[in-house]
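What follows is a short report on a single structure.
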Amino acid sequence: MNGAAVVQLVGGGHALWVIVQRLLPLTRWTVAVPVLGAIIFAVTWGHQPPTAVLVMVGLLLAGCVFAAVHHAEVVAHRVGEPFGALILAVAVTVIEVVLIVMLMVSGGPDTSTLARDTVFAAAMITCNGIVGLALLVGSLQPGVASFKPEGTAPALATVATLATLTLVLPTFTTSTPGPEYSAEQLGFASVASLALYLLFVFVQTVRDRGDFLPAETDISDGEKQAGSPSGREALASLGMLVVGLVAVVGLAKVESPAIEGAVAAIDAPPSAVGVMIALLVLLPETLASVRNARRGRLQISLNLAFGSAMASIGLTIPTIAVVSIWLPGRLVLGLNATQIVLLVLTVAVGALAAPLGRAGLLQSGVRLVIFAAFLFLAVRP
C-alpha cells in the first residue's frame, strides 16, 4: 500500500467517523469502539496496512472484545439465562462460519483442512482453555465453586458426540481414501449434528432449563436488586453485539498477515494461523466466562464454554458441507492421531469431573495443562 492509498483510507475513515460522532453518544465507549472498529475494518479491506495502522488495529481489537462482552451481558440480563449464554455462543459461531467460508473461497486448495482445524481449535479452546480459566477463578473465590452436574454432564456428552461424528469418524471410514467423508456420509453427519444441536438448545432453554441456571445462592444481592434493561436498551445492545463481533472477526482478519508472518518466523505449520485467529475470535466468550466465574456464577461460565463448542461444530460443519458443493478441492475433516489423543483426553477428564458438581484448583490445572499442550503441539507438532 503506497502513501497516497494510506492517506485516502485515513481520510475516508475520518469522514465516516465524523458522521458517527453526530449519530452516537461518544460518552459510551462501548458504542463508539465497535463502530470505529467496523469502520477501520471496512476501509482496510483488501489492503495491506502499514505497521502503524496494524498497531491501531490491535488496540481496537482489544476494545471491541471488551465492548462485545458488555453488550452480551446487557442482553443476557434482559432475556435471562441460559438464553444470554446461547445468544453470545451462536453470534460468535455465525461470524466464525462466515470467516471460514470467506477464507475457503479465497484460499484455494490449501484450505482443505481449514474447517477441521478451526472447529477443533474452537473445541479445545472452549473445553480446556475457557473451562480451565473459569474453574481457576471460581476455585479462588471464597467457599467452593459449584455447578449443576445434571446440566454440565449432558452438555459434555453432546460435545463429545458431535466431535466424534464430524472430526473423528472421517479418519476411520473406508468409502473414500484419506480422512474424508463421502457425499452421503457428509450429508448424514451434517444433518445429525444440526439435529443434535437443536435438540440440546430445546432441552437447555425449554424442557430442562432449570438444569442450566445458577443456583439462587450464586446470585449476588446486587444482581437481584439491579433493574432489568428495557427492551429498547436490550435491542440496541444486541445490535451493537453483532457490530462488535463483526469488528472482532474483521480486525482479526486484517491482523492475519502479521500473524502469518509471526508463524512463519517461528517455523510453525500453517494450521497455527487458524489457532491464533480462533483465540482472538473467542476472546469475548473467554472474558464473559471469567467474569461470571468471578461473580460465583460458574454454571453460566460452563454454559458459555460448552455451548460455544457445540455451536461451533453443530453449525459450522453443516454450513461447510453445503458450501463445499460449489468449492473445488477436498474437504478434510478427519483429525490426525495427535489431535484425536488430545480430544479423547479432554472428554475423559471432563467426564470424570462433571458428575462431581464441584470445582477445584486441581481440576482447573489439569484442563489448563491440556490446553497448553494443544497450543504447544499446534506450533511444534
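Throughout, read-outs are computed from the coordinates displayed, never taken from laboratory work. The shown structure was predicted, so the numbers you read here are calculated from the model rather than taken from an experiment. Virtual Cβ from ideal backbone geometry, glycine too; neighbours counted across all protein chains shown.
Return the distance in nm (one decimal) between the two label points of a simple spin-label model at Val323 and Arg380, each offset 7 Å from Cα along Cα→Cβ.
Between Val323 and Arg380, the simple spin-label model gives 3.3 nm.
What is the sum of charges, Lys and Arg at +1 and Asp and Glu at -1, for the other residues whose Cβ falls under 13 Å from the Cβ of Val90?
Taking every other residue near Val90 into account, the sum is -2.
Given Cβ point charges of +1 (Lys, Arg) and -1 (Asp, Glu) and nothing else, what value in debye, to the nearest 20, does the dipole of region 3-379 about its Cα centre take?
Dipole of region 3-379, to the nearest 20 debye: 540 debye.
Count the net charge of all other residues whose Cβ sits under 14 Å from the Cβ of Leu156, scoring Lys and Arg as +1 and Asp and Glu as -1.
Once all neighbours under 14 Å are counted, the net charge is 0.
From the backbone phi of region 199-212, what are the Karplus-calculated ³J(HN,Hα) couplings (6.51 cos²θ - 1.76 cosθ + 1.60, θ = phi - 60°) in whole Hz, Gly and Pro given as x?
Karplus values, whole Hz, x for Gly and Pro: 4, 5, 4, 4, 5, 5, 9, 10, 5, 10, 4, x, 5, 10.
Scattering from the C-alpha atoms of region 242-349 alone, worked out with Debye: what is log10 I(q)/I(0) at q = 0.18, 0.21, 0.23 1/Å?
At q = 0.18, 0.21, 0.23 Å⁻¹ the computed log10 ratios are -1.30, -1.42, -1.38.
How would you rank Phe188, Phe120, going from fewest to most other Cβ atoms within 10 Å of each one's own Cβ?
Lowest count first: Phe188, Phe120.
Kindly rank 248-255, 366-373, 229-236, 131-138 from highest to lowest mean number of other beta carbons found within 10 Å of each residue.
My ranking of the peptides, most packed first, is 131-138, 248-255, 366-373, 229-236.
Which of His77, His70, His47 comes first, and how do the rest follow, when ranked by fewest Cβ neighbours within 10 Å? Could the numbers behind the result be given before it?
On the way: His77 18, His70 23, His47 14.
Placing the least packed residue first, the sequence is His47, His77, His70.
Over all directions, how big on average is the projection of the convex hull of the alpha-carbon atoms in region 3-379, in square nanometres? Working shown, then result.
On the way: hull surface 78.0 nm².
Projected over every direction and averaged, the Cα hull of region 3-379 covers 19.5 nm².
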